[in-house]
Structure formats: C-alpha cells, structure tokens
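One structure coming up, written as structure tokens, with questions to follow.
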Amino acid sequence: MDFSVLAAEAAGNVDAGKAIALALGIGLGSLGAGVGIGNIFGSMIQSVARQPELRGELQGIMWLGFALTEAVVFYGLIGGLLAYVLI
Amino acid sequence: MRRLLALAGTLLLAFPATALAKGEFDPAEEWTLHEWIPLHLGPLDLSINKAVAYILLSALVTMLIGIGLMRVKTGRDPTRKQALGEQIYEIAQTQVAEQGLPTKAIGMWFPYVATLMLFIWTINMLGFIPLPLSDEKFELFGVELPTLGIFAATSTLSVTIALALMTFVFTHVEGIRHNGPLKYFRSWIPDVPKALYPLIVPLEILGQFMRLISLSVRLYANMLAGHMLILTFIGLIFVLENVVLAVVAVPFATAFYLFEVVIVVSIQAFIFAALSAIYIGSAIEPEH
C-alpha cells in the first residue's frame, strides 16, 4: 500500500490524523532523546573509567544533561497533545 | 469485634463497585480543577482548588522538613536526622548554588535556590502519596469523605509557570541591578559581526523567553507524563473492563511509580533549582 492511499483514507478521518500527530510527537521526541541520553551515560562511563576520582563532580553535570535531554520527549508530548486537543 | 471487621470488609469491597458503576472513564477528568472555595477578584481567579490545596500543603510540609531537619536539636553530636539535613544542605550548596551563582551572590540567592529545590521536591513527592484531597467523594458511615488520590500540583501548567516566572523576574532584576540596564541588555547579544544583528537580536530576545517556557514545561510535562502513565496502565483495566489485565497493568504501573518516585521527582527538583541558579548567576555576571 503506498502512502497516497493511506493519506486519502486518513483525510476523511480527523481522529486518525489526531492519533498520528500524537504518536509522531511522542515517537520522534523519544527517538532523539533516546540517542541523547545514551550518549550522556556512555560518555559518563568513559570518563569515570578514565578518571574515577572525578565521579562526584561529573555526576551533577550528568544529571543536569540527562534532565535537559529527557525534557525533549515532553516537548514532543506537549506538541502532540496540543495537536490532539486543539484541532 | 469480628463482626465489625467483617462489616468493614464488605464496605471496602462495596467501594470498587460504586466506582465501577460510574461508567465512562475519562483520564482528562483527573486534571480538571473544580473550585472548592470560589474567590474572584475582578478578572483574577484566585479560587481555592485541588492544585492550590496541594501547594499550601506542600509549603507547610517544606517548612516542617526544613525546620525539623536543620533547626531542631542540631549540635556537635550529630544524629542520623542531622546528617540527612546536612546532606540536603550540601547538595543545595555545592551542586546547585556553587555551580551557577558567582561567589558574591551566593549569600543572597542561596536561600532562594535551596528553597526551590526543597519545595519542588516536596510538591512532587506529595503528588505520589495518596491523599484525601480529591474532587470525588464516597460515603463512609454516612459521612462524605474525599477519595484517596494521587495528584501533583506541578502537573498543572499554571503552577510551574508561576515558579518559572519567579526565576525569570529575579534573573532580569538582578541583571539590571548589578550591571545597569544598558550593559545588561547589551550582554544578551554575543560577539558577532554587525551585519548579523538583525538575525541574532530577535533570536536572543526570543531565547530569553524560551527559557521561561522550557523551565516550566519541563517540570510540568515530566509530572504530567508520569501521572498519565500510571493512570493509563491502571485505567486500561477499567476501559477494557477486564480484571485479568491487572496481572500486567499493575506491575507496570508500580514500576513506573517507583521510577518516578526514586528518580524523576528528585531530578526535576534539582534541575529546576540548578537552572534557576545558572540563569540568575549568568545575569549577575555576564560572560563578557
């Protein structure tokens, strides 16, 4: 099935469009955030393996970065919810 | 005595029946705020509702935690309670205040960021403890009592916007107070060729307001999503009207609950305070 058929079917169905918007918002948001959070923890492991004595200092920065990255999911969620509720 | 217990047991069993009999289950219902005590000042709506009750309660609890851990019976011979208080203080001092604030401003702004941290932690934490502060009522021995429910005041946008607005206002007031308005607003704009100014200046001004949005939406969406996940998993049982689903749904809901309580609650409190400190600090001492 090609996308034009899908689009034509969805055109008459607003609920389907809303569901797609919500799912895309959360899905793409979590995709990016997943990569980002993986990066942060990966770098943390590397740096602690190289210099274990810096663990304490690095931990604060790590959690800061974690929360900043994780928030990206929720921007996607809010965007999806806005599309779901407002349209 | 045994007869009383049996009666209580049947009563408890009767409650889910009335809850189920309500019919339509709407998750959004959890976040509608009904006015408990209407207070209207012209266009301002200052009514006491669920969120306000939670804020007042957590303000009280924050004060009790602060006074109890850090003022009552402290001394040379530390108890476990004092050690806990000192640990919280140390996180607020070294991880939050000293990371963001310049040395000359710590004395003035440490109380603010430490209070923010403790207050947001408390308000988030109270959101995960079942409390009799909800709109729905049930009858027990002829007395109408509110049902136990979990609700975080921070999962409503107006609460987090108010918190973020405080930081936003303090940031610019401190920036202007320490640097003078001209030098402060000049410090928003980075060193770029003059030709790029039409592009950069609106972006930087927008960036200042994006801070306000990101600060509030981060906390709001985190708490909203956490509660929504738990509600969705528990709600699946009621939406699909199938008790067997509880075998899957309840462990998942419990896992998310624990994840929220152990990690998210503390991290969001820490982040909010740390970012407030960084914003205020960078306004007091701009980098160039």
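Among the numbered criteria (1) outside any loop (DSSP other than H, G, I, E, B); (2) under 19 Å from B:LEU231 (Cβ atoms), which one does B:LEU118 miss?
Of (1) outside any loop (DSSP other than H, G, I, E, B); (2) under 19 Å from B:LEU231 (Cβ atoms), only one is false for B:LEU118: (2).
Listed residues B:LEU20, B:LEU7, B:LEU13; which is at pLDDT below 85 and surrounded by fewer than 10 Cβ atoms within 10 Å (Cβ to Cβ)? Outline the logic, then answer.
Numbers: B:LEU20 fails: surrounded by fewer than 10 Cβ atoms within 10 Å (Cβ to Cβ); B:LEU7 fails: surrounded by fewer than 10 Cβ atoms within 10 Å (Cβ to Cβ).
When all the criteria are applied, what remains is B:LEU13.
If you don't mind, there's one more thing I want to ask. Just to verify a result, which residue in the range A:34-84, among those that are within 24 Å of B:VAL96 (Cα to Cα) and among the aromatic types (Phe, Trp, Tyr), is nearest to the other protein chains (Cβ to nearest Cβ)?
By that ranking, first place goes to A:PHE74.
Okay, residues lined up against (1) under 24 Å from B:LEU275 (Cβ atoms); (2) in contact with a strand residue (DSSP E or B) (Cβ under 9 Å, 6 or more places away or on another chain); (3) loosely packed, with under 14 Cβ neighbours inside 10 Å:
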{"position": "B:GLU29", "(1), (2), (3)": "no, no, yes"}
{"position": "B:THR32", "(1), (2), (3)": "no, no, yes"}
{"position": "B:PRO43", "(1), (2), (3)": "no, no, yes"}
{"position": "B:LEU46", "(1), (2), (3)": "no, yes, yes"}
{"position": "B:LEU64", "(1), (2), (3)": "no, no, yes"}
{"position": "B:ILE67", "(1), (2), (3)": "no, no, yes"}
{"position": "B:LYS81", "(1), (2), (3)": "no, no, no"}
{"position": "B:GLN87", "(1), (2), (3)": "yes, no, yes"}
{"position": "B:GLU98", "(1), (2), (3)": "yes, no, no"}
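Pick from B:SER187, B:SER134: which is surrounded by 14 or more Cβ atoms within 10 Å (Cβ to Cβ) and touching a Leu at 6+ places or on another chain (Cβ under 8 Å)? Don't jump to the end; show me each part of the working.
Numbers: B:SER187 fails: touching a Leu at 6+ places or on another chain (Cβ under 8 Å).
So the residue among B:SER187, B:SER134 that is surrounded by 14 or more Cβ atoms within 10 Å (Cβ to Cβ) and touching a Leu at 6+ places or on another chain (Cβ under 8 Å) is B:SER134.
Another question, then. Before we move on, is B:LYS81 over 17 Å from B:GLU285 (Cα atoms) and of a type in the set (D, E, K, R)?
Numbers: over 17 Å from B:GLU285 (Cα atoms): yes; of a type in the set (D, E, K, R): yes.
Spelling it out, B:LYS81 is indeed over 17 Å from B:GLU285 (Cα atoms) and of a type in the set (D, E, K, R).
Of the conditions (1) crowded, with 17+ Cβ neighbours inside 10 Å; (2) within 14 Å of chain A (Cβ to nearest Cβ); (3) of a type outside the set (Asp, Glu), B:ILE213 clears all except one; give me its number.
(1)
Now a separate question. Residues of the range B:65-99 being in contact (Cβ under 8 Å) with a residue 40 or more places away in the chain and within 21 Å of the chain's Cα centre (by Cα), which ones? Can you show your working first?
First pass over the range B:65-99, keeping only residues in contact (Cβ under 8 Å) with a residue 40 or more places away in the chain: B:65-66, B:91-92, B:95-97, B:99.
Correct list: B:ILE65, B:GLY66, B:ILE91, B:ALA92, B:GLN95, B:VAL96, B:ALA97.
I'm trying to understand the selection: among the residues of the range B:216-226, which are of a type in the set (Ser, Thr, Tyr) and facing another protein chain (nearest Cβ under 9 Å)?
Within the range B:216-226, just B:TYR220 meets the criteria.
May I ask you to say which residue of B:PHE170, B:PHE238, B:PHE233 is away from chain A (no Cβ under 14 Å), in contact (Cβ under 8 Å) with a residue 12 or more places away in the chain and closer than 25 Å to A:GLY29 by Cβ?
Residue meeting the stated conditions: B:PHE233.
Looking at the range B:33-45 only, could you name the residues that are of a type outside the set (D, E, K, R), without any contact (Cβ under 8 Å) to a residue 60 or more places away in the chain and closer than 18 Å to B:LEU133 by Cα? Can you show your working first?
From the range B:33-45, those of a type outside the set (D, E, K, R) are B:33-34, B:36-44; that's our starting set.
Within this subset, residues satisfying the condition of being without any contact (Cβ under 8 Å) to a residue 60 or more places away in the chain are B:36-44.
If the condition is that a residue be of a type outside the set (D, E, K, R), without any contact (Cβ under 8 Å) to a residue 60 or more places away in the chain and closer than 18 Å to B:LEU133 by Cα, then B:TRP36, B:ILE37, B:PRO38 are the ones that fit.
What number of residues within the range B:274-288 are among the polar types (S, T, N, Q) and closer than 11 Å to B:HIS172 by Cα?
Narrowing the range B:274-288 to residues among the polar types (S, T, N, Q): B:276, B:282.
Filter again for closer than 11 Å to B:HIS172 by Cα, leaving B:282.
Adding up the residues that qualify gives 1.
The values are calculated or read from the model by the stated rules, or taken from the named source; none is laboratory data. Just so we're clear, the structure is a prediction, and the values are computed from it rather than from any experiment. In this analysis, Cβ positions are derived from the backbone assuming ideal geometry, glycine residues included, and neighbour counts consider all displayed protein chains.
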